[in-house]
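Shown next, in structure tokens, is the structure this report addresses.
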Amino acid sequence: QVQLVESGGGLVQPGGSLRLSCAASGSRLIIYTMDWYRQAPGKERELVATITPIGVPTYADPAKGRFTISRDNAKNLVYLQMNSLKPEDTAVFYCHVRLGSKEYWGQGTQVTVSS
């Protein structure tokens, strides 16, 4: 059983930065692609960024140039560094991994961008 626990969310002013962390336990995730998703109020959950086992990232358009996904395989941690935050980034951010036919999600961490 895999458990994912996100942290690092909070309230930040427009233009500010936050670093989200995802701690994984229950399985060595070194061989799996990891993702960050987000869900804004009244909207569907959307993919933000993905990172392969060897650290190759891909980003959704809203995240390009502002967000950086990274991982520490030795510690089973995945990060999302978010810079130049905008009010439209306000959402609950989720860590996600797919192991074969099973998907696992964290409980989410709230990010609120407001002045």
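The values are calculated or read from the model by the stated rules, or taken from the named source; none is laboratory data. Just so you know, these numbers come straight off a predicted model, no measurement behind them. Positions of Cβ are backbone-derived with ideal geometry, glycine not excepted, and every protein chain shown enters the neighbour counts. Accessible surface is based on the protein model in full, side chains and every heavy atom, while ligands, DNA and RNA are left aside. Shrake-Rupley method; radii C 1.70, N 1.55, O 1.52, S 1.80 Å.
Which trypsin sites (Lys or Arg not before Pro) does the range 74-112 hold that lie in a coil by DSSP with at most 13 other beta carbons within 10 Å?
Lys75
How many percent of the accessible area of the chain is carbon or sulfur, using a 1.4 Å probe?
50 percent
Students sometimes get this wrong: rank Glu88, Glu6 by accessible area, probe 1.4 Å, all chains present, largest first.
Details: Glu88 125, Glu6 10 Å².
From most exposed to least exposed: Glu88, Glu6.
Rounded to the nearest 5, what % of the DSSP beta bridges within the chain are antiparallel ones?
Of those bridges, close to 95 percent are antiparallel.
Taking a threshold of 22 Å on the Cα-Cα distance, which of the pairs Lys64/Lys102; Lys64/Lys86; Lys43/Lys86 fall above it?
Lys64/Lys102
Only residues of the range 38-54 count here: report those whose backbone N is under 16 Å from the spot 7 Å along Cα→Cβ of Glu103, or say none.
Those under the cut-off are 38-40, 43-51.
Please work out the average accessible area per residue across the chain, using the 1.4 Å probe convention, and give it in Å². Don't skip to the end; give the middle numbers.
Details: 6120 Å² over 115 residues.
Value returned for the chain: 53 Å² of accessible area per residue.
With just the Cα atoms of the chain, tell me how far they stretch along each of the three principal axes, in Å, largest first.
Cα extents, longest axis first: 40, 25, 22 Å.
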